[in-house]
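Data first, discussion second: the structure below is written as structure tokens.
The values are calculated or read from the model by the stated rules, or taken from the named source; none is laboratory data. Every value quoted in this text rests on a predicted model; they were computed, and no experiment measured them. FYI the Cβ positions are ideal-geometry reconstructions off the backbone, even for glycines, and counts take in every protein chain you see. All accessible areas refer to the heavy atoms of the entire protein, side chains included, with ligands and DNA or RNA removed. Shrake-Rupley method; radii C 1.70, N 1.55, O 1.52, S 1.80 Å.
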Amino acid sequence: MNHPASLAAIRKPLPEELLLALQNLLEDRCSTSLAMREHHGSDESSYDPMLPDAVVFAQTTEEVSSIVRLCNHYEVPVIAYGAGSSLEGHILALRGGVSLDLSQMNNMVAVHAEDLTATVQAGVTRKQLNLEIKDTGLFFPIDPGADASLGGMAATRASGTNAVRYGTMRENVLALTVVTADGRIIKTGTRAKKSSAGYDLTRVFVGSEGTLGIITEVTVRLYPLPEAISAAVCTFPSIADAVNTVIQTIQMGVPVARVEFLDENGVKAINAYDKMQLPEKSLLLFEFHGSEHGVQEQAELVQEIAAAHDGGDFEWATRPEDRSRLWAARHNAYFALLQMRPGARSISTDCCVPISMLAECIGETQLDCERCGIVYSIIGHVGDGNFHVIMMIDPEDAEDIAKAEGVNARMVARAIAMDGTCTGEHGVGLHKMDFLIQEHGENAIDMMRALKHAFDPKNIMNPGKIISWDKN
Ligand SMILES: Cc1cc2nc3c(=O)[nH]c(=O)nc-3n(C[C@H](O)[C@H](O)[C@H](O)COP(=O)(O)OP(=O)(O)OC[C@H]3O[C@@H](n4cnc5c(N)ncnc54)[C@H](O)[C@@H]3O)c2cc1C
């Protein structure tokens, strides 16, 4: 998919003085090599690459501050880069500039096991965090499929399979250290569990996608590892039966830890990709956390609900290694689906609706996909009312792209009409800017624009993302 030519037209060359200053500051941690720029200017979205002019690697908050001060002085864009796993064109350097890679900021700052909190540098990834705290008996539950950085996850307000029980980054970030667009260093919160102290800047930066400031440290909540965990797979004769099982489970307040939906296409893809033998029908993957007794009670209740919706018997993954394999396969679903059509790229969608509307929204969306004759799969974190249609398209075929974008636009319109949202977890980036206006309306977008202008008056922070700088 191409970018509007107007965006390329406003690219300015990187000032020589700025490059020299960055090289003096960072030495070999400042690169202009094509390979490095390509790596930082392309992503999993269906957009063409858009390269930054330079890539810099920071190791401390103070270095981030110096880099941003320089870019602010020369009015050059700065695009924060975590693990580059975002899906909506977030990290593309529309106007060139400097990609600020935080992956070398990967130190633990503090673990307060007694308070169930950890503070990490922004480049620490979710898997690394869980490894670092494994001896404390605690864990960090937020798990977007990719091994994303905590800074990137905060910046996209990420969630994943565990959110139905443990919440998203919105609920789990307590405090941030942020470098503002003029290079100042601020702290936005504390480790206290709650606070009524003024405007909630933490939640302004959570979900701001690098457009308001650069997050350099993140303080998150941790949770005790559950005494008992069990996981099960249950198949259904139709998508509607599976989804209605989930709706009733949530409405009855069963505290499931995970409940993931995969349609038949999705199951076939992961069976082939991960050499699994899952039954090739619509299915739900469940995980229950709690005491031995609590887990058993939850599982029995959900089995009854599933049976009432023609669900098959639960197939249990009891051994930890079987559970890990199951969830790894679920997390790989995106890459498995890409194999359904060799050479394809994906257009992934992401909407979220109130739970009572989920069956209707998924049902109508599936009909739409069938009518369009595209290669697709529907998967989702259905316990949250969140699902994705992943469409495998030929990037050279304009008709194919138009069909998929049509499905996406109608799905978003459907979700918004149901009082839902155009993105449950992936964020806005470049791809969802128009949908954001549909969802919030011009007046709310004006308030967001006012915020952007106040926080980033020279429009250097990941410009051209989430909202346009000028009112069109
Ligand atoms: C296979 C696959 C499955 C996925 N599944 C899920 C899922 O289930 N749930 C989900 O929520 N997401 C999912 N995602 C999307 C992705 O993993 C998230 O968007 C992730 O949170 C991005 O983190 P990152 O470190 O890769 O950030 P990047 O992609 O590097 O950056 C994302 C955005 O945040 C900004 N940013 C990055 N770091 C900082 C920082 N320190 N300060 C300020 N801004 C910053 C960037 O400028 C950019 O706008 C999936 C992605 C893939 C590839």
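The convex hull of the Cα atoms of segment 271-425, projected and averaged over all directions, covers 10.2 nm².
Full extension from Glu321 to Glu370: what is 0.36 nm times the residue separation minus their Cα-Cα distance, to one decimal in nm?
Length difference between fully extended and current span is 14.0 nm.
The mean accessible area for residues of segment 1-132, using a 1.4 Å probe and ignoring ligands and nucleic acids, is 43 Å² per residue.
So between Arg341 and Glu264, what do we pick up on full extension, going 0.36 nm a residue minus the alpha carbon distance? Can you show the working numbers first?
Details: separation 77, 0.36 × 77 = 27.72 nm, distance 1.57 nm.
Full extension of this stretch gives 26.1 nm more.
Which number comes out as Rg/Rh for the chain once both Rg and the Kirkwood Rh are worked out on C-alpha atoms?
Numbers: Rg = 22.2 Å, Rh = 23.0 Å.
Value, to two decimals: 0.97.
The modelled label-to-label distance between Asp419 and Asp394, using points 7 Å beyond Cα along the C-beta direction, is 4.4 nm. Once the Cα atoms of helix 264-274 and of the chain are each reduced to a long axis, what angle between those two axes, in degrees from 0 to 90 to the nearest 10, is obtained? Long axis of 264-274 versus the principal axis of the chain: about 70 degrees.
The stretch between Gln128 and Thr32 holds 31.7 nm of extra length on full extension. This uses 0.36 nm per residue minus the Cα-Cα distance.
Less than 5 angstrom separates the built amide H of Glu217 from those of Ala122, Thr177, all sequence-distant by 5 or more or on a different chain.
The residue list Ile347, Asn271, Phe286 was ranked by how far each Cα lies along the charge dipole of segment 262-354 toward its positive end, using unit charges on Cβ atoms, and Ile347 comes out on top. The packing ranking, built from the mean of other Cβ atoms within 10 Å per residue, places the peptides 237-248, 390-401 in the order 237-248, 390-401, highest first. Of the solvent-accessible surface of segment 71-161, computed with a 1.4 Å probe and all protein chains present, 47% belongs to carbon and sulfur.
With every protein chain kept in place and ligands, DNA and RNA left out, what is the accessible area per residue of segment 359-472? Probe 1.4 Å, answer in Å². Provide the component values of the computation, followed by the final result.
Numbers: 4620 Å² over 114 residues.
For segment 359-472, the solvent-accessible area averages 40 Å² per residue.
With every protein chain present, what is the per residue accessible area of segment 152-253 (1.4 Å probe, Å²)?
Values: 4030 Å² over 102 residues.
Per-residue accessible area for segment 152-253 comes out at 40 Å².
Using the Cβ-Cβ distance between Leu116 and Ala409 with R0 set to 41 Å, the FRET efficiency from 1/(1 + (r/R0)^6) comes to roughly 0.45.
For segment 206-223, the residues whose backbone nitrogen is under 12 Å from a point 7 Å from the Cα of Thr136, taken along Cα to Cβ, are 219-223. Determine the calculated [θ] at 222 nm for the chain from helices alone, applying -39500 (n - 2.57) to every DSSP H run no shorter than 4 residues and normalising by the residue count; nearest 500 deg cm²/dmol. Roughly -11000 deg cm²/dmol at 222 nm, from the helical runs in the chain.
The charge dipole of segment 383-470, taken about its Cα centre with unit charges on the Cβ atoms of Lys, Arg (+1), Asp and Glu (-1) only, comes to about 360 debye. Here r is the Cβ-Cβ distance between Gln251 and Gln23 and R0 is 45 Å; the resulting FRET efficiency, rounded to 0.05, is 0.15.
Mind putting a number on the dipole of the chain about its Cα centre? Charges go on the C-beta only, +1 for Lys and Arg and -1 for Asp and Glu, and I need it in Debye to the nearest 20.
Roughly 1040 debye, rounded to the nearest 20.
Relative to the dominant Cα principal axis of the chain, helix 398-417 is inclined by about 70°.
Along the charge dipole of segment 402-472, Cβ charges K/R +1 and D/E -1, which of Met448, Met418, Phe435 sits furthest on the positive end? Positive-most Cα among the choices belongs to Phe435.
I need the calculated FRET efficiency for the pair Glu292 and Ser196, taking r as the beta carbon distance and R₀ as 35 Å, to the nearest 0.05. All intermediate terms of the calculation are to be shown ahead of the outcome.
On the way: r = 39 Å, r/R0 = 1.12.
With R0 = 35 Å, the Cβ-Cβ based efficiency is 0.35.
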